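Below is one structure; the comments refer to it alone.
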Amino acid sequence: MYVRQDVRGRYGSEGIFLHMTPHIDDKKSDTDVDESSDTYDTIEWLVNNIPNNNGRVGIMGISYPGFYSAAGMIDNHPCLTCASPQAPINDFFVGDDFHHNGAFYLPHAFGFLSSFGKDHPHPDGHPTRPTTPFGTLDRGSNDGYDFYLKAGPIKNLTAKMSENGPMAEGEDGQNNLWPDLIAHPDYDEFWQSRDIRRHLNNVNCAVLSVGGWYDAEDPLGPFSTFYETSARNPDNGEVTLCAGPWAHGQWSGGKGLTTHGNVSFYNKTEEYYREHIELPFLRRHLSTPGEDLPPPLPKAIIFEVGTNEWKRFDTWPPVEATPKTLHFHTGSGKLSFDAPAAEAAYDEYISDPAKPVPSQDEIAPGMTRAHMTDDQRFASSRTDVMVYETDVLTEDVTICGPFSANLLVSTSGTDSDFIVKLIDVYTGDFPNPEPNPKGLEMGGYQQLVRAEPFRGKYRNSFEHAEPFVPNEPSKIEFSLPDVCHCFRKGHKIMVHIQSSFFPIVDRNPQTFCNIFTCDEDAFQKATQRVHPGSCLEVLVL
């Protein structure tokens, strides 16, 4: 039997909808409820009221329901035998959906506002989507870059939204999300209490955490769910990670050869996942004991991009992966595993919030899914993008697992974003697709592998923002979500450093302020410098 359950206060259900309901570790009464206890109660009711069940329950969901699946496996009901959080949200401030390392994902957040965050306190038995969504913005065109740039500071968008729907506390149909976002610009208790990672304890069921390399919405959640569940439940021998070349939820319904944007992977990866990974997982844990069951899954089932092959590992990251450093050679634009013998004092560029670096090379109203593999040649040619590139590779280089950016940077302003992009530069004779209706030229294509921003004022703490001292070098160190990408022989590895990624990431004024409430005059040009010692720390398989 299949049962679908959403969350309190959504559509026609009773109760109050809370974004990522905070988990309560120490429940003292029946009124202390969260997603874990709600899941427990649902399972308890089902196994005692649905006839002919075998007492074995599994839960799964994608995206927000992925978060509910992760929360539901905490202190799990004895009948819960398996859980599969897929593209789960983990932390709205550090790396999923609305913020990445404190930087605000502008059009993505507004995309949620039309349907998320509404209370429905008067159930009428008809679970229909709201007919007058709050927060709808009349853009006038599909050019999100132009729209958000002309809109100016975020406070102007707040004013526009208030014209389209109720915003006051307690109003029926209100949208709490936007007021909550702007009321909590730093990583305070509001965000910390919603970080499910720190609560993934007492998970006694099998777990399959699923994610996509090109998930524009939730690139962090699948990996951190896997890591935290494994670390906090060492006696649970069936916690598995699966990652493939997919956009958000793409594995759930795709057929035929897998593509993402302009990149093809020459495999039917979605069908492979459903037939050889998800189905055996469910059969093993939901079938009646004594039946001929599939064997347990390995620790990780990973699609290696580049070679375009499925790999199975007993550990993730693979124990045989070697830590290495990719050094930026200032003054020459070189990127190398060898430390520079000598280099310039710094590289510098001018970042102008009035002319931010585009986040994607196409006209679109907001964040495209395809941008995760977009050709970066449009950005490489800009003077406000620092480019570091290896020599032509003489052998395959596979970078796997999480990796980190260790930057030594300075700014003439008092705040700045620094975006790190890892890029695969194809050979000049790389074949075009056949057929080729878009007229793509894949020779020299610069495929984005991973891009992550970091809001500089949080370099020492997400909880407490600090201004930069103008022109004084500062360290910025942060982790980027996992990859498994083979840079093939004849290709090059490239890294971009830039200070805008618009409109996906909101513009940093480059003056220290509350970006949700600042005025236009806060936005200033700044000279950004990348100093010697900046590098990426990676794992090479």
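The figures follow:
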| read-out | value |
| --- | --- |
| Given (1) among the β-branched types (Val, Ile, Thr); (2) in contact with a strand residue (DSSP E or B) (Cβ under 9 Å, 6 or more places away or on another chain); (3) assigned to a loop (DSSP other than H, G, I, E, B), index of the condition Ile74 fails | (2) |
| Check on Asp30, under 28 Å from the mean Cα position of the chain (by Cα), assigned to a loop (DSSP other than H, G, I, E, B), at pLDDT below 95 and closer than 23 Å to Asn201 by Cα | no |
| Subset of the stretch 515-541 that is part of a loop (DSSP other than H, G, I, E, B), out of contact with any helix residue (DSSP H, G or I) (no Cβ under 9 Å at 6 or more places or on another chain) and modelled with pLDDT of 95 or more - its residue that is nearest to Val357 (Cα to Cα) | Lys525 |
| Which listed residue, of Asn49, Asn90, Asn53, is in contact (Cβ under 8 Å) with a residue 40 or more places away in the chain and farther than 21 Å from Phe281 by Cα | Asn90 |
| Ile24 vs. criteria without any contact (Cβ under 8 Å) to a residue 24 or more places away in the chain and surrounded by 13 or more Cβ atoms within 10 Å (Cβ to Cβ) | yes |
| Test: residue in the stretch 221-232 that is of a type outside the set (Ser, Thr, Tyr) and part of a loop (DSSP other than H, G, I, E, B) | no |
| Number of the condition not met by Phe134 [criteria: (1) aromatic (Phe, Trp, Tyr); (2) at pLDDT 55 or above; (3) not in a helix (DSSP H, G or I)] | (2) |
| Odd one out for Pro437, checked against (1) without any contact (Cβ under 8 Å) to a residue 60 or more places away in the chain; (2) surrounded by 12 or more Cβ atoms within 10 Å (Cβ to Cβ) | (2) |
| Qualifying residue in the stretch 296-305 (condition: modelled with pLDDT under 95, surrounded by fewer than 16 Cβ atoms within 10 Å (Cβ to Cβ) and not in a helix (DSSP H, G or I)) | no |
| Number of positions in the stretch 214-238 that are of a type in the set (A, V, I, L, M, F, W, C) and either surrounded by fewer than 24 Cβ atoms within 10 Å (Cβ to Cβ) or without any contact (Cβ under 8 Å) to a residue 60 or more places away in the chain (or both) | 3 |
| Filtered residue count, the stretch 361-392, keeping only those that are more than 19 Å from Gly333 (Cα to Cα), β-branched (Val, Ile, Thr) and surrounded by 18 or more Cβ atoms within 10 Å (Cβ to Cβ) | 2 |
| Flag if Ala109 is part of a helix (DSSP H, G or I) and at pLDDT below 95 | yes |
| Count of residues meeting criterion [of a type in the set (A, V, I, L, M) and assigned to a strand (DSSP E or B)] in the stretch 180-214 | 4 |
| Only one of Val47, Val94 that is surrounded by fewer than 23 Cβ atoms within 10 Å (Cβ to Cβ), aliphatic (A, V, I, L, M) and in a loop (DSSP other than H, G, I, E, B) | Val94 |
| Candidate set from the stretch 71-104 (those that are more than 30 Å from Gly456 (Cα to Cα) and among the aliphatic types (A, V, I, L, M)); member that is nearest to the chain's Cα centre (by Cα) | Ala71 |
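Per-residue answers, yes or no, for (1) part of a loop (DSSP other than H, G, I, E, B); (2) out of contact with any strand residue (DSSP E or B) (no Cβ under 8 Å at 6 or more places or on another chain):
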site	(1), (2)
Trp310	no, no
Trp316	yes, no
Pro323	no, no
Leu326	no, no
Glu348	no, no
Gln360	yes, yes
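Here's the yes/no breakdown for (1) of a type in the set (A, V, I, L, M, F, W, C); (2) more than 19 Å from the chain's Cα centre (by Cα); (3) surrounded by 16 or more Cβ atoms within 10 Å (Cβ to Cβ):
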| residue | (1), (2), (3) |
| --- | --- |
| His464 | no, yes, no |
| Leu480 | yes, no, yes |
| Arg488 | no, yes, yes |
| Lys492 | no, yes, yes |
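The values are calculated or read from the model by the stated rules, or taken from the named source; none is laboratory data. All values derive from a computational prediction rather than experimental measurement. A quick note on method: Cβ atoms are made from the backbone with ideal geometry, for glycine too, and the neighbour counts reach across all protein chains shown.
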